[in-house]
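Worksheet: the structure to be examined is printed underneath.
The values are calculated or read from the model by the stated rules, or taken from the named source; none is laboratory data. As the structure is a prediction and not an experimental result, all values here were calculated from the model. Reconstructed Cβ throughout: ideal geometry from the backbone, glycine too, with neighbour counts over all protein chains shown. Accessible surface is based on the protein model in full, side chains and every heavy atom, while ligands, DNA and RNA are left aside. Shrake-Rupley method; radii C 1.70, N 1.55, O 1.52, S 1.80 Å.
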Amino acid sequence: VRLTALVEKGLALTDRWSTNPDGRALLAGLIDEAEKLGEWVLAARALNDLVQDVPPASPAEHAEMLERMRVNAERAGFEALAVAAYFQGRARLAVREGDLGAAIAALEEGRDRDRGFLRHGRRADYHAVFLAGLYLEAGELDRVETIIADLRALRVSGLAVPGLAFHLACRRRDPAAAEQPLTEVFAALAEQAWRSGSQAYDLISGAIFAGLPLLR
(Lines give C-alpha, C1' and ligand atoms only; values in the text may rest on other atoms or scores of the structure.)
Protein backbone atom coordinates (compact mmCIF):
# COMPACT_ATOMS: atom_id res chain seq x y z
CA VAL A 1 0.00 0.00 0.00
CA ARG A 2 2.84 2.39 0.86
CA LEU A 3 4.59 1.70 -2.43
CA THR A 4 1.39 2.14 -4.43
CA ALA A 5 0.72 5.46 -2.72
CA LEU A 6 4.25 6.67 -3.45
CA VAL A 7 3.97 5.73 -7.12
CA GLU A 8 0.69 7.65 -7.37
CA LYS A 9 2.33 10.62 -5.64
CA GLY A 10 5.27 10.49 -8.04
CA LEU A 11 2.95 10.34 -11.06
CA ALA A 12 0.98 13.32 -9.75
CA LEU A 13 4.14 15.35 -9.15
CA THR A 14 5.48 14.71 -12.66
CA ASP A 15 2.23 16.04 -14.13
CA ARG A 16 3.23 19.64 -13.31
CA TRP A 17 6.45 21.23 -14.54
CA SER A 18 7.07 22.94 -11.19
CA THR A 19 7.20 19.58 -9.37
CA ASN A 20 8.28 17.33 -12.26
CA PRO A 21 11.90 16.87 -11.09
CA ASP A 22 10.73 15.85 -7.60
CA GLY A 23 8.26 13.37 -9.06
CA ARG A 24 10.85 11.83 -11.38
CA ALA A 25 13.31 11.45 -8.51
CA LEU A 26 10.65 9.77 -6.37
CA LEU A 27 9.66 7.33 -9.13
CA ALA A 28 13.27 6.49 -10.00
CA GLY A 29 13.95 5.59 -6.38
CA LEU A 30 10.99 3.19 -6.20
CA ILE A 31 11.65 0.96 -9.20
CA ASP A 32 14.24 -1.34 -7.61
CA GLU A 33 12.06 -1.86 -4.54
CA ALA A 34 8.98 -2.59 -6.64
CA GLU A 35 10.88 -5.18 -8.66
CA LYS A 36 12.27 -6.84 -5.51
CA LEU A 37 8.73 -7.12 -4.12
CA GLY A 38 7.40 -8.51 -7.40
CA GLU A 39 5.18 -5.45 -7.88
CA TRP A 40 5.62 -5.54 -11.63
CA VAL A 41 2.75 -3.19 -12.50
CA LEU A 42 4.06 -0.47 -10.17
CA ALA A 43 7.58 -0.82 -11.57
CA ALA A 44 6.30 -0.68 -15.15
CA ARG A 45 4.10 2.36 -14.49
CA ALA A 46 6.97 4.25 -12.88
CA LEU A 47 9.31 3.42 -15.76
CA ASN A 48 6.67 4.36 -18.33
CA ASP A 49 6.28 7.80 -16.78
CA LEU A 50 10.04 8.34 -16.74
CA VAL A 51 10.41 7.75 -20.49
CA GLN A 52 7.47 9.90 -21.55
CA ASP A 53 7.61 13.72 -21.72
CA VAL A 54 11.18 14.15 -20.44
CA PRO A 55 13.17 11.22 -21.84
CA PRO A 56 16.43 10.03 -20.22
CA ALA A 57 19.61 11.93 -20.97
CA SER A 58 21.09 9.38 -23.37
CA PRO A 59 19.43 7.25 -26.08
CA ALA A 60 21.12 4.16 -24.60
CA GLU A 61 19.57 4.80 -21.18
CA HIS A 62 16.23 5.49 -22.86
CA ALA A 63 16.33 2.15 -24.68
CA GLU A 64 17.40 0.29 -21.53
CA MET A 65 14.50 1.74 -19.52
CA LEU A 66 12.03 0.84 -22.29
CA GLU A 67 13.18 -2.78 -22.23
CA ARG A 68 12.99 -2.86 -18.45
CA MET A 69 9.46 -1.45 -18.59
CA ARG A 70 8.41 -4.04 -21.18
CA VAL A 71 9.77 -6.95 -19.12
CA ASN A 72 7.99 -5.78 -15.96
CA ALA A 73 4.73 -5.17 -17.83
CA GLU A 74 4.81 -8.61 -19.45
CA ARG A 75 5.46 -10.24 -16.07
CA ALA A 76 2.29 -8.56 -14.83
CA GLY A 77 0.25 -9.38 -17.92
CA PHE A 78 -0.19 -5.62 -18.40
CA GLU A 79 -0.69 -5.51 -22.18
CA ALA A 80 -1.27 -1.75 -22.32
CA LEU A 81 2.34 -1.12 -21.30
CA ALA A 82 3.88 -4.29 -22.69
CA VAL A 83 2.62 -3.48 -26.17
CA ALA A 84 1.37 0.07 -26.63
CA ALA A 85 3.68 2.09 -24.39
CA TYR A 86 6.71 0.01 -25.36
CA PHE A 87 6.31 0.54 -29.10
CA GLN A 88 5.41 4.19 -28.62
CA GLY A 89 8.57 4.51 -26.56
CA ARG A 90 10.58 2.96 -29.35
CA ALA A 91 9.00 5.43 -31.78
CA ARG A 92 9.88 8.38 -29.52
CA LEU A 93 13.45 7.12 -29.33
CA ALA A 94 13.61 6.93 -33.13
CA VAL A 95 12.17 10.45 -33.43
CA ARG A 96 14.79 11.64 -30.98
CA GLU A 97 17.46 10.16 -33.26
CA GLY A 98 15.87 11.75 -36.35
CA ASP A 99 14.83 8.44 -37.92
CA LEU A 100 11.25 8.96 -39.13
CA GLY A 101 11.11 5.64 -40.94
CA ALA A 102 12.09 3.67 -37.83
CA ALA A 103 9.53 5.59 -35.76
CA ILE A 104 6.75 4.72 -38.21
CA ALA A 105 7.88 1.08 -38.36
CA ALA A 106 7.79 0.79 -34.56
CA LEU A 107 4.25 2.13 -34.34
CA GLU A 108 3.03 -0.02 -37.23
CA GLU A 109 4.44 -3.11 -35.51
CA GLY A 110 2.89 -2.11 -32.20
CA ARG A 111 -0.46 -1.37 -33.84
CA ASP A 112 -0.50 -4.77 -35.53
CA ARG A 113 0.21 -6.51 -32.22
CA ASP A 114 -2.23 -4.36 -30.28
CA ARG A 115 -5.08 -5.35 -32.58
CA GLY A 116 -4.85 -8.83 -31.08
CA PHE A 117 -6.55 -7.46 -27.95
CA LEU A 118 -10.28 -6.73 -28.09
CA ARG A 119 -10.94 -3.19 -26.89
CA HIS A 120 -13.62 -0.56 -27.35
CA GLY A 121 -13.77 3.24 -27.06
CA ARG A 122 -10.86 5.61 -26.93
CA ARG A 123 -8.36 2.89 -25.96
CA ALA A 124 -9.28 0.63 -28.85
CA ASP A 125 -6.36 1.96 -30.92
CA TYR A 126 -3.51 3.26 -28.76
CA HIS A 127 -1.15 4.02 -31.63
CA ALA A 128 -3.41 5.69 -34.19
CA VAL A 129 -3.00 9.39 -33.37
CA PHE A 130 0.78 9.19 -32.88
CA LEU A 131 1.15 7.20 -36.11
CA ALA A 132 -1.07 9.64 -38.01
CA GLY A 133 1.16 12.49 -36.88
CA LEU A 134 4.22 10.69 -38.23
CA TYR A 135 2.42 9.93 -41.50
CA LEU A 136 1.65 13.65 -41.81
CA GLU A 137 5.34 14.38 -41.27
CA ALA A 138 6.24 11.87 -43.98
CA GLY A 139 3.63 13.21 -46.40
CA GLU A 140 1.68 9.93 -46.35
CA LEU A 141 -1.65 11.74 -46.45
CA ASP A 142 -3.79 8.86 -47.75
CA ARG A 143 -2.66 6.74 -44.81
CA VAL A 144 -3.78 9.48 -42.43
CA GLU A 145 -7.20 9.41 -44.06
CA THR A 146 -7.38 5.64 -43.45
CA ILE A 147 -6.53 6.09 -39.77
CA ILE A 148 -9.23 8.75 -39.41
CA ALA A 149 -11.76 6.33 -40.91
CA ASP A 150 -10.61 3.62 -38.47
CA LEU A 151 -11.04 5.96 -35.49
CA ARG A 152 -14.49 7.02 -36.67
CA ALA A 153 -15.50 3.35 -36.94
CA LEU A 154 -14.38 2.88 -33.33
CA ARG A 155 -16.45 5.93 -32.33
CA VAL A 156 -13.48 7.63 -30.69
CA SER A 157 -14.68 10.81 -29.00
CA GLY A 158 -12.92 14.07 -28.18
CA LEU A 159 -10.49 16.06 -30.28
CA ALA A 160 -8.57 13.20 -31.95
CA VAL A 161 -10.76 12.68 -35.02
CA PRO A 162 -11.68 16.32 -35.84
CA GLY A 163 -8.13 17.42 -35.05
CA LEU A 164 -6.63 14.92 -37.48
CA ALA A 165 -9.29 15.62 -40.11
CA PHE A 166 -8.61 19.35 -39.83
CA HIS A 167 -4.84 18.92 -40.06
CA LEU A 168 -5.19 16.57 -43.05
CA ALA A 169 -7.36 19.07 -44.95
CA CYS A 170 -4.82 21.79 -44.17
CA ARG A 171 -1.93 19.68 -45.41
CA ARG A 172 -3.87 19.17 -48.63
CA ARG A 173 -4.20 22.97 -48.85
CA ASP A 174 -8.00 22.73 -48.88
CA PRO A 175 -9.30 25.48 -46.55
CA ALA A 176 -12.92 24.80 -47.54
CA ALA A 177 -12.63 21.15 -46.48
CA ALA A 178 -10.98 22.26 -43.24
CA GLU A 179 -13.93 24.38 -42.12
CA GLN A 180 -16.22 21.55 -40.94
CA PRO A 181 -13.62 19.72 -38.84
CA LEU A 182 -12.43 23.08 -37.48
CA THR A 183 -15.94 23.74 -36.18
CA GLU A 184 -15.80 20.31 -34.54
CA VAL A 185 -12.38 21.14 -33.09
CA PHE A 186 -13.76 24.25 -31.39
CA ALA A 187 -16.67 22.22 -30.01
CA ALA A 188 -14.37 19.49 -28.69
CA LEU A 189 -12.05 22.05 -27.07
CA ALA A 190 -15.02 23.58 -25.26
CA GLU A 191 -15.56 20.18 -23.58
CA GLN A 192 -11.86 19.58 -22.85
CA ALA A 193 -10.77 20.76 -19.41
CA TRP A 194 -7.03 20.60 -20.11
CA ARG A 195 -4.80 22.34 -22.65
CA SER A 196 -1.66 21.15 -24.38
CA GLY A 197 1.10 23.13 -26.03
CA SER A 198 1.89 20.32 -28.48
CA GLN A 199 -1.80 20.01 -29.34
CA ALA A 200 -2.00 23.72 -30.06
CA TYR A 201 1.15 23.48 -32.20
CA ASP A 202 -0.32 20.63 -34.25
CA LEU A 203 -3.52 22.54 -34.98
CA ILE A 204 -2.01 25.98 -35.57
CA SER A 205 0.83 24.69 -37.75
CA GLY A 206 -1.73 23.00 -39.98
CA ALA A 207 -3.78 26.19 -40.22
CA ILE A 208 -0.70 28.23 -41.15
CA PHE A 209 0.29 25.64 -43.79
CA ALA A 210 -3.15 25.93 -45.42
CA GLY A 211 -3.15 29.72 -45.25
CA LEU A 212 -6.29 30.06 -43.12
CA PRO A 213 -7.17 33.64 -42.15
CA LEU A 214 -5.30 34.67 -38.98
CA LEU A 215 -8.45 35.46 -37.00
CA ARG A 216 -9.97 32.06 -37.78
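Observations
- Here Gly77 fulfils each of the conditions (1) surrounded by 23 or more Cβ atoms within 10 Å (Cβ to Cβ); (2) out of contact with any Leu (no Cβ under 9 Å at 6 or more places or on another chain) apart from (1).
- Where a residue in the stretch 183-204 is without any contact (Cβ under 8 Å) to a residue 24 or more places away in the chain and its partner, wherever it lies, is in a helix (DSSP H, G or I) and surrounded by 10 or more Cβ atoms within 10 Å (Cβ to Cβ), with Cβ under 6 Å and at least six apart: Glu184/Pro162
- Tally of residues being open to solvent by 30 Å² or more (accessible area, probe 1.4 Å) and in contact with a Leu (Cβ under 8 Å, 6 or more places away or on another chain) across the stretch 161-190: 4
- Of the criteria (1) surrounded by fewer than 15 Cβ atoms within 10 Å (Cβ to Cβ); (2) farther than 20 Å from Leu3 by Cβ; (3) of a type outside the set (Ser, Thr, Tyr), which one Gly38 fails: (2)
- Total residues in the stretch 28-43, condition within 17 Å of Lys9 (Cβ to Cβ) and assigned to a helix (DSSP H, G or I): 9
- Of all the residues in the stretch 156-210, those that are among the aliphatic types (A, V, I, L, M), part of a loop (DSSP other than H, G, I, E, B) and either under 13 Å from Ala132 (Cβ atoms) or at pLDDT 90 or above (or both) number 2.
- If you go through the stretch 1-24 and keep only what is of a type outside the set (Asp, Glu), in a helix (DSSP H, G or I) and open to solvent by 70 Å² or more (accessible area, probe 1.4 Å), you end up with Arg2, Lys9, Pro21.
- Tyr201 passes every criterion in (1) surrounded by 11 or more Cβ atoms within 10 Å (Cβ to Cβ); (2) closer than 20 Å to Arg92 by Cα apart from (1).
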